[in-house]
Every structure is written in C-alpha cells, then in structure tokens.
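Since the structure comes first, as structure tokens, the remarks are kept for the end.
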Amino acid sequence: ATSWESFLHLCYSSLVTLVVDAIVAELFCGVTSSVCAKLSRVIKGNDFDGAESSVDERNRELGLFRRQQQQAENARDEAYRQRNVMERQAKISVAKEEREEGLVIIKAIYGVMDSESYEWVGDRRLCSMDATAQVQFWVQDSSVHLPAMSKKHMLGFYDVMMGLKTGDWTRDKPATTDDWEKINYLARIVKRWRGSWRSSRLEDKRKLVVVLTVRYKFAGQIFEVMYYDDQAVDLPSSGATIVTI
C-alpha cells in the first residue's frame, strides 16, 4: 500500500509540474505547450477543426458585411442623385421664403443616433446624411408636413441603418471589481483557445434609433427640433427650441 501511495504521489507531482510549466510558458512567454494543445482538443471536443470553423465563420461574416456596405453605398448614391434633382426646386423655395421671412431650412441631418447619449453612431458617410435640400423641397406656404412613416421610403432618402457595423451596436462599459474577479486567467485562456477572446470585453448593448434633426429659420428666429424616424414632421414646430446666436 505504501508503494502504491508513493507511486500515486509521484504521478500527481508530475502532473502538477506539467500543468504549472504550461501555464508559466503561456503566461510569461506566450508559448502554447503540447499540454495546452492537448487540453484545447479536449475542451473543443476535436482537434483544431473548431478553430478552422471559426475562421470560416469570420470570413463569411466579413463577406456579408462587405456586401451590406456595398448595398448601403449604392442606396446612398441613388439618394444623392435624387437630391441633386430636388436642389433646384429647394433653392427656389429658399429664395421665396427668405423674401417673406418664412420657413428656411438651415440644416437637416437624417441618421443613426444613440438614444441615451444622443451621439451620432456609425460611419458618417453611410449612417447619416445631409437632408437639408430634401426637407426644403417640401416647403409650401412656409410649412412642411411629412407623414408618420420612415423617411427612408421618401424621395432623396435611404436606409441609413444599412451602414452599421456589428461593433456599432455595443459600447464598452466600466468594469467593477467584481467583474474583474470573474475574468480570471483560466477563463481568458479557455476563451482564447475557443477563438472568442475578443468577445471577453465588458460590453453594453446600445439602443440605436434613426432621427431627423432640423435647424430652421422662421419669422426672424432660429429653431431646432428632432423627430424620430416614424414620427410625422410638422414645421414650424411648437416643440422646437429657440437657438440664440
């Protein structure tokens, strides 16, 4: 019995030494040992097929993102072509409204915004657009009335949500002491073997909305107002804020 216990103790000591050596090599030298490789196979249930599948999935996601970006660019270009056609009438409208001290659209922006921080989100080339001429185009008798529907269906607009990237939907949040205690070294190693180390950051889901912001001049004063995408637009607006310059 004593010999058997000695043998077990030797095996245990050898195993502990191997594991410690593997962790030290991974932690301080960045070297993945054969022990780590074997453990990786056990964790994933196969050899490194999981890693290859992860690469294939990322390539598919990249291809999908590129196609989506191209579609967004095409939609933006078509909207701008429509805007160019609308600009002539918009300039005529501006001249008429200025003579009468009526409704002149100074700046209108249609885009994606964080509903909590009220910051514009995403690539500004694709996720927001200058809509000044489009709104001015619809001015009649010193007023604008647009229906309660998404503006992406209207002349000179497009779906600005198409330009969003996956990372635009999340934002980093501050980590608490308890959070960092949960993210221990072993968890990080396992996540890296599984190809998901990048997702271990603490992230907070954003609530994104599409809005139309308008700065306009009416009766000698300047106003600002914001509408959610599916809201009806009525200008001049009783809910607008006076801008002092």
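Available extension along the chain between Arg81 and Asp130 is 16.4 nm, counting 0.36 nm per residue and deducting the alpha carbon span. Asn74 versus Ser150, label points 7 Å from Cα toward the beta carbon: distance in nm? Rounded to a tenth, the inter-label distance reads 1.7 nm.
Accessible area per residue was computed with a 1.4 Å probe on protein heavy atoms; Glu97 scores about 0 Å². With 0.36 nm allotted per residue and the present C-alpha distance subtracted, the Glu98-Arg60 stretch has 8.4 nm of extension available.
A simple spin-label model places the labels of Arg88 and Ser238 3.9 nm from each other, with each point 7 Å out along Cα-to-Cβ. Across all directions, the average flat footprint of the convex hull enclosing the Cα atoms of segment 201-244 is 4.7 nm². Shown is the FRET efficiency for Gln140 and Thr166, computed with R0 = 51 Å from the Cβ-Cβ distance and rounded to the nearest 0.05: 0.75. Ordered by solvent-accessible area of protein heavy atoms (1.4 Å probe), largest first, the residues Arg60, Arg76 come out as Arg60, Arg76. Close amide H partners of Val233, meaning residues 5 or more places away or on another chain with modelled amide H under 5 Å apart, are Leu146. Computed from phi, the 3J(HN,Hα) profile of segment 116-121 under the Karplus parametrisation 6.51, -1.76, 1.60 (θ = phi - 60°) reads 9, 8, 6, 9, 5, 10 Hz, with x in place of Gly and Pro.
The values are calculated or read from the model by the stated rules, or taken from the named source; none is laboratory data. Model, not experiment: these values are computed from the prediction. A quick note on method: Cβ atoms are made from the backbone with ideal geometry, for glycine too, and the neighbour counts reach across all protein chains shown. With ligands, DNA and RNA removed, areas are computed over all heavy atoms of the protein, side chains included. Shrake-Rupley method; radii C 1.70, N 1.55, O 1.52, S 1.80 Å.
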